[in-house]
Amino acid sequence: MQVDTAPALSQFEFMDGHAAGNWPWILTLDMHGLPHRWISWQAACHYYARDMVAWSIGDRHFLIRGGVSRATGLRSEITANSIIAIKGRALRPGALQQVPHLDNRELFHRDRQVCAYCGNRFGAAALTRDHVHPVSQGGRDIWMNVVTACRPCNQKKSGRTPEQARMPLLYAPYVPNKAEYLILCNRNILADQMDFLTRHVPRQSRLHLPG
């Protein structure tokens, strides 16, 4: 937020009076209402100040207070919604790609930290990325060819396919869409943000499974 005085510590609070606690991320959408990415409240202030917010929804509102203007004596304020749509010119090239980047953290979350071979649930430190069709046999490192496996099962399967190792898959891999990916990579989602994203998650997602 730009002010015309010495910088002051910004204050952040919910408009409904609840304490902010750990400052939540703000969900951004494209102009068509498709999920885009998480941003900090500082980035949201940048978009608001530069008139890059096309429209906003969400039940939660944040009040961000900046410094005091020498000219008016008033303290600058911006009210931000928990979900905002960013005008097209503000989006980076390729930012709207709907297939998310593959990494272990989101893979393990996609699979609920359950080994695809023994069916047991483990902590992240005990899990590995297993290629259903092994890389040594031409398999690719893509969402549709990877599952979560505990270390003993991965070592037992080694460089074989599930059929060759006689270790049938307990669930099938799938590509999480952008909405599911945004749920997987944020542990501090507000209720209105979760409701919005869940409505964009495909039916095959394991996020729909209980527990």
* Asked: Do you know which residues across region 183-196 are over 17 Å from R112 (Cβ atoms) and either within 11 Å of the chain's Cα centre (by Cα) or not small (G, A, S) (or both)?
  -> N188, L190, D192, Q193, D195, F196
* acidic (D, E), part of a helix (DSSP H, G or I) and over 30 Å from G33 (Cα atoms), is that true of E180? -> no
* Could you identify the single residue in E77, E106, E163 that is part of a helix (DSSP H, G or I), exposed (fewer than 13 other Cβ atoms within 10 Å of the Cβ) and either of a type in the set (D, E, K, R) or in contact with a strand residue (DSSP E or B) (Cβ under 8 Å, 6 or more places away or on another chain) (or both)? => E163
* Structure fact -> Within region 124-138, restricting to residues that are in a helix (DSSP H, G or I) and within 18 Å of H109 (Cα to Cα), the one that is least open to solvent (accessible area, probe 1.4 Å) is A126
* Asked: Counting only residues that are open to solvent by 40 Å² or more (accessible area, probe 1.4 Å) and either touching a His at 6+ places or on another chain (Cβ under 9 Å) or in contact (Cβ under 8 Å) with a residue 60 or more places away in the chain (or both), which one in region 178-206 is nearest to I57 (Cα to Cα)?
  -> A191
* In region 40-74, residue nearest to W25 (Cα to Cα) [restricted to those that are of a type outside the set (D, E, K, R) and in a loop (DSSP other than H, G, I, E, B)] -> S40
* Structure fact -> Pairs returned, first residue in region 110-125 that is touching a residue at least 60 places away in the same chain (Cβ under 8 Å), second residue that is outside any loop (DSSP other than H, G, I, E, B) and surrounded by fewer than 17 Cβ atoms within 10 Å (Cβ to Cβ), beta-carbon separation under 6 angstrom, 6 or more apart or interchain, are R112/R206
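The values are calculated or read from the model by the stated rules, or taken from the named source; none is laboratory data. All figures in this text were calculated on a predicted structure; none of them were measured in a lab. Quick reminder, even Gly has a Cβ in these numbers, built from the backbone with ideal geometry, and neighbours come from all protein chains shown. Ligands, DNA and RNA are stripped out before the accessible areas are found, and what is left, the full protein with its side chains, is counted by its heavy atoms. Shrake-Rupley method; radii C 1.70, N 1.55, O 1.52, S 1.80 Å.
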